Every structure is written in C-alpha cells, then in structure tokens.
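Working notes, beginning with the structure itself.
The values are calculated or read from the model by the stated rules, or taken from the named source; none is laboratory data. This one's a predicted model, so the numbers in the text were calculated from it and none came from an experiment. Cβ atoms come from the backbone with ideal geometry, glycine included; neighbour counts cover every protein chain shown. The accessibility values were calculated without ligands, DNA or RNA, using every heavy atom of the protein model including side chains. Shrake-Rupley method; radii C 1.70, N 1.55, O 1.52, S 1.80 Å.
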Amino acid sequence: MELKKYPEPCLFEPAEEIGEPDDEVRELAASMFEIMYASRGIGLAAPQVGVSRRLIVINLGAAPGQGDEIALVNPEFVERSRDVVEDEEGCLSLPGLTGVVPRWRSVVVQGLDLKGGEVEIRADGLLARVLQHETDHLEGVLFIDKLGPVDRAAVKPKLREMKAKAR
Ligand code: CO
C-alpha cells in the first residue's frame, strides 16, 4: 500500500460505505496511520492509499505516541456552524501545494470507530478543518477544488506538471 498522488483516478471517485468494521478495515486503518506518519501528515483518507472506502484517520500530533489517534468509519456531518473560517491547507496527495480554503468553523461529525461503536466528535479549530478536508476525500473532492481564483491560478502550473509527469 502506498500514498497515491494527484492525478491518480482513485482521488476523484466517491468512496463506498463500510458495513461492520472488520479486521480488514482495522488493518487498513493501521496501514494508513503508518503512511500518514511517514509523510508527517495529520490526516489521511482511504482513497489516498487507493482504497475507495469511507475511512479517515487523523492525528494532529503527526507522530505515533503524540496526540490522539482518530479513525472514523463512514463519517457524516450532523451539525455545522453557520460561519466559515479561511486558512491555508495542504494535502499529502498534492505535495508542495497549499492554498486558502474556507471551512465551517465548528462541526459535529458522527461515524463508527474501528470496533463498530458509534462515535460523535464535536470539533472546532484545526480538528474541524482536518475532518472536513478528509471527508471531502471520500467524495473525490480535493482542497484545490475549493480555492479562490487567485490561489487556483497559482497552483495550476504545478498541477499541469504533475499530470505530465504521471503520463
Ligand atoms: Co488531503
């Protein structure tokens, strides 16, 4: 299993709902944490390792043993703030690119943990942002799809370069 980078097709496909989390899903989550830590990332979604299923992992500490590990199956937003915050974002599948993305200031997300238990997370700040970024991946949406015109123009040459290199 490896990190998939733009423009791999798996990054643009909606991911499939997971039934009861089984050993395969737990192993997938473990591999995703490993790959995320190897790249010093704070969040990763299953499509980013080529698996089109609805699983995200997050650790704001970016290293094992630091910060809390969150693995969320079938995440769904059940509440969100009315106001949005703009801040800079990047993505492990788009190395070297950043841009300002508007996100809801706070969210409540529901899903399953790796044992199949129901979880609800109330988040604001960076965690709210990462939850939205990773859940977007499950819809085949990348942060570059949400940039304003100036940032969008700025990332264009690099995207073209990545596409050319992948050919
Ligand atoms: Co990402």
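Overview of values
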| item | result |
| --- | --- |
| Residue within the range 117-127 that is out of contact with any strand residue (DSSP E or B) (no Cβ under 7 Å at 6 or more places or on another chain), surrounded by fewer than 16 Cβ atoms within 10 Å (Cβ to Cβ) and not in a loop (DSSP other than H, G, I, E, B) present | yes |
| Number of the condition not met by residue 41 [criteria: (1) over 18 Å from residue 143 (Cα atoms); (2) in contact (Cβ under 8 Å) with a residue 12 or more places away in the chain; (3) not in a helix (DSSP H, G or I)] | (1) |
| Of residues in the range 59-85 being of a type in the set (D, E, K, R) and either within 15 Å of the ligand (Cβ to nearest atom) or touching a Gly at 6+ places or on another chain (Cβ under 9 Å) (or both), the one farthest from residue 7 (Cα to Cα) | 68 |
| Residue within the range 145-157 that is part of a loop (DSSP other than H, G, I, E, B), β-branched (Val, Ile, Thr), modelled with pLDDT of 95 or more and within 16 Å of the ligand (Cβ to nearest atom) present | no |
| Residue 95, sole failed condition from (1) in contact (Cβ under 8 Å) with a residue 60 or more places away in the chain; (2) within 11 Å of the ligand (Cβ to nearest atom); (3) surrounded by 15 or more Cβ atoms within 10 Å (Cβ to Cβ); (4) within 17 Å of residue 6 (Cβ to Cβ) | (3) |
| Sole residue being open to solvent by less than 70 Å² (accessible area, probe 1.4 Å) and in contact (Cβ under 8 Å) with a residue 40 or more places away in the chain, chosen from 14, 75 | 75 |
| Of all residues making up the range 59-72, the number that are in contact (Cβ under 8 Å) with a residue 40 or more places away in the chain and more than 22 Å from residue 144 (Cα to Cα) | 3 |
